[in-house]
Amino acid sequence: MNGLRAIFFASLLAVAAAGAFAREGAKPAQSASATSEATPTGAVNEKWMIEGQNRFLANCGRCHQSPHLFSPREMSMAVRHMRVRAMLTQEDMEYVLYYITHQ
């Protein structure tokens with residue numbers, strides 16, 4: 001199982017690097033309403049799921065299916081690494097992490 005995790009994280013990093021070079025231009029500035037909203041807790045928030053899925057598909061889904069075998073803690077680490085390499089905003093990271101961990 002550890003071998004599979006290592007392969008998964010290595011592929012995440014490789015795809016993130018490739019995505020960073022393929023990305024066109026910079027992301028638009030974050031809106032004040034989206035950044036002021038706290039990450040929801042408790043029941044699944046439909047808005048966060050839809051937005052997380054959209055951002056996952058736009059930034060990660062070209063090469064990855066959303067993983068189901070990892071704990072939220074492990075996914076948090078992977079998404080943080082992807083954020084750096086794929087130049088995701090903090091907002092993108094939060095939405096994607098919510099989507100991946102609430103499926």
Is there any pair linking a residue in the stretch 64-80 that is among the aromatic types (F, W, Y) to one that is part of a helix (DSSP H, G or I), with Cβ under 8 Å and at least six apart or on different chains, and which?
F70/R5; F70/F8; F70/A78
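Given the structure, is Q53 surrounded by fewer than 14 Cβ atoms within 10 Å (Cβ to Cβ) and either touching a strand residue (DSSP E or B) at 6+ places or on another chain (Cβ under 9 Å) or at pLDDT 60 or above (or both)?
no
The values are calculated or read from the model by the stated rules, or taken from the named source; none is laboratory data. Fair warning: this is a prediction, and the values are worked out from it, not measured in the lab. Every residue, glycine as well, gets a Cβ built from its backbone with ideal geometry; the counts of neighbours run over all protein chains shown.
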